[in-house]
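FYI, it's all coordinate maths here, none of it is from the lab. Fair warning: this is a prediction, and the values are worked out from it, not measured in the lab. With ideal geometry, Cβ positions are generated from the backbone for all residues, glycine too; neighbour counts draw on all protein chains shown.
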Amino acid sequence: MEKLTIRDVDLKGKRVIMRVDFNVPIKDGVVSDDTRIVEAIPTIKYVLEQGAKVILLSHLGRPKGGPDPKYTLKPVAERLSQLLGKEVKFVPALYGEEVEKTVAELKEGEVLMLENTRFDPGEEKNDLELAKKWAALADIHVNDAFGTAHRAHSSNVGIAQYIPSVAGFLMEKEIKFLSKATYNPDKPYAVVLGGAKVSDKIGVITNLLNKADRIVIGGAMMFTFWKALGKQTGNSLVEEDKIDLAKQILEQAKEKGVEVVIPTDAVCAQKMEAGAEKKVFTCEEGIPEGWAGYDIGPASVELIKSKLADAKTIVWNGPLGVFEIPDFAEGTKAVAEFIASLTDKGVTTVVGGGDSAAAVSQFGLDKKFSHVSTGGGASLEFLEGKELPGIASIANKKK
Ligand code: AMP
């Protein structure tokens, strides 16, 4: 179902309450990485240029259900003001007299930011009384916070019960690329899954067995599959209680004609630390006791590249090794660079958020994919084929 976006509605003179994702790192009262703010600028500028009055809502960090100066959005308002080149009013409250007064005085093209939405414990409970208070401030709601789309909160879902909600440009782009991959991928469709735990990725793998042509397994997850194949994994991270599940996945994949690509070698060490002695062990020979796999090996990198080379759609979610430590980042980097190189050849390349997005930015490849999702959990749930409450609440386009 196509969603209404800010392009589809008349914003002139309207009070627009916009849910953005300004959950940025703050150090000593200053924003230390403003990527998320920068990314929201096109949506905010467009709405302002249409002659709207903008009220911004965002959460920041995990305050424990009440105001906490550590998590104030004030530094974010200051940074946004610099980036927009105009004043951003800030009221350190979420509702009440001062908020109402400031909104009433807001002129077309002006911006107001309210305090951290999570300062009210109702936010995460999707409290409708809270949603109503925010809705009363505005005529229309713009949802540009994909990272929270898998959560039903007052500021993204509840509020849509009272005023119409439309998608901003970031949300629109997320829906476009993730829908394409999930419901209508150009084939062959290959998915690369890494990360620490099979249990986190089960839902996606199961759904992908009906959609993807190839599923590449990497990260610590691969060792649960090695175990399922009866191989030695030494001290590698294995989810013993998921070995049977891994076996089932392999059987189902065979029945459905989906190729599951399992790395054939691993870069191992006796300690997960920089500078540790490294050795490559193959799946066939197994990993001896005392050693653990922290990255895919060189043969696996070549195998994975060969399995991705003819794909028309590639989705990648989860690092293939412990990429935070440079000694174990090479496999993830090589595969990331290879996928990125296919973008210019007409392949749709999508990176799931979270750790893989962090890896991509660490390698300086952010701009080289068709789409780097801003939401880890949200993009996984999307790929699982689940309905996300924060997208369902956005108004549909009339046919
Ligand atoms: P996830 O949150 O499940 O996507 O897992 C991401 C984490 O998995 C990253 O912090 C990686 O360092 C970690 N990881 C990837 N491969 C391995 C491995 N072979 N052993 C231990 N941790 C790993």
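For LYS201, neighbours were defined as the other residues whose beta-carbon sits under 14 Å from its Cβ, and their charges (Lys and Arg +1, Asp and Glu -1) total -2. For the range 139-197, the residue among LEU178, GLY194, VAL142 whose Cα projects farthest onto the positive side of the dipole built from Cβ charges is GLY194.
Summing -39500 (n - 2.57) over the DSSP H runs of n ≥ 4 in the chain and dividing by its residue number, what mean residue ellipticity at 222 nm do you reach, to the nearest 500 deg cm²/dmol?
One gets -10000 deg cm²/dmol as the mean residue ellipticity at 222 nm.
Among GLU115, GLU100, a tally of other beta-carbon atoms within 10 Å of each Cβ gives an order, fewest to most, of GLU100, GLU115.
With a cut-off of 19 Å on the backbone N, the residues of the range 184-225 near the modelled label site 7 Å out from ASP244 along Cα-Cβ are 198-203, 206, 224-225. Around the amide H of PHE90, modelled in the peptide plane, lie the amide H atoms of MET113, all under 5 Å away and 5 or more residues distant in sequence or on another chain. Among bridges DSSP assigns within the chain, what percent are antiparallel (round to 5)? Beta bridges within the chain, antiparallel portion: roughly 25 percent.
Across all directions, the average projected area of the convex hull around the alpha carbons of the chain is 20.5 nm².
Taking amide H atoms as placed 1.01 Å from N in the peptide plane, the amide H of VAL142 lies under 5 Å from those of ILE17, MET18, ARG19, VAL166, each 5 or more residues away in sequence or on another chain.
What distance in nm lies between label points placed 7 Å from Cα along the C-beta direction at VAL280 and LYS187? Each label point lies 7 Å from its Cα, and together they span 3.4 nm. Basic side chains Lys and Arg get +1 at the Cβ, acidic Asp and Glu get -1 at the Cβ, and with that the dipole of the chain about its Cα centre reaches some 1020 debye. Using only the alpha-carbon atoms, how far is helix 298-308 inclined from the longest principal axis of the chain? Give it as 0 to 90 degrees, nearest 10. Relative to the chain, helix 298-308 is tipped by roughly 60 degrees.
Angle check, please: helix 198-208 long axis (alpha carbons) against the longest principal axis of the chain (alpha carbons), in degrees 0 to 90, nearest 10. Rounded to the nearest ten degrees, it is 90.
Using only the Cα atoms of the range 6-172, build the gyration tensor, take square roots of its eigenvalues as a ≥ b ≥ c, and label the shape rounded, prolate or oblate: rounded if a/c is under 1.5, else prolate if a/b is larger than b/c, else oblate.
Taking the square roots of the gyration eigenvalues as a ≥ b ≥ c, the range 6-172 is rounded.
The trypsin sites (Lys or Arg not before Pro) found in the range 1-54 that occupy coil by DSSP, while having at most 10 further C-beta atoms within 10 Å, are LYS12. Pairs over the 23 Å Cα-Cα cut-off, from the set LYS312/LYS367; LYS14/LYS89; LYS176/LYS367; LYS345/LYS397; LYS53/LYS101; LYS3/LYS89: LYS345/LYS397; LYS3/LYS89. Of the residues THR348, THR35, THR43, the one that moves most in a GNM of the chain with alpha-carbon contacts below 10 Å is THR35.
Rounded to the nearest 10 degrees, the inclination of helix 74-84 to the longest alpha-carbon principal axis of the chain is 90 degrees. Measuring between their Cα centroids, the range 227-280 and the range 320-399 lie 22 Å from each other.
Taking every DSSP beta bridge that has both ends in the range 6-172, the antiparallel portion is near 10%. Within a straight-line Cα-Cα reach of under 13 Å, LYS247 can be paired with the following aspartates and glutamates, leaving aside sequence neighbours fewer than 8 residues apart in one chain: GLU239, GLU255.
Using the Karplus relation 6.51 cos²θ - 1.76 cosθ + 1.60 with θ = phi - 60°, the per-residue 3J(HN,Hα) values for the range 270-283 come to 8, 9, 7, 8, 4, x, 5, 5, 10, 9, 9, 10, 8, 4 Hz, with x marking Gly and Pro. Taking amide H positions as modeled 1.01 Å from N, with prolines and chain starts lacking one, the residues under 5 Å from TRP316 and 5 or more places away or on another chain are VAL192, VAL350, VAL351, GLY352. One quarter of the convex hull surface built on the alpha carbon atoms of the range 21-85 amounts to 4.6 nm², the projected area averaged over directions. Summing +1 for each Lys or Arg and -1 for each Asp or Glu among the other residues whose beta-carbon sits under 12 angstrom from that of PHE363 gives 0.
Couplings 3J(HN,Hα) for the range 167-180, derived from phi with the Karplus relation 6.51 cos²θ - 1.76 cosθ + 1.60 (θ = phi - 60°), are 7, x, 5, 5, 4, 4, 5, 4, 5, 4, 6, 6, 5, 4 Hz, where x marks Gly and Pro. Residue by residue, the range 210-224 carries 3J(HN,Hα) couplings of 9, 10, 7, 8, 9, 10, 9, 9, x, x, 5, 3, 4, 6, 5 Hz when phi is fed to the Karplus relation 6.51 cos²θ - 1.76 cosθ + 1.60 (θ = phi - 60°); x denotes Gly or Pro.
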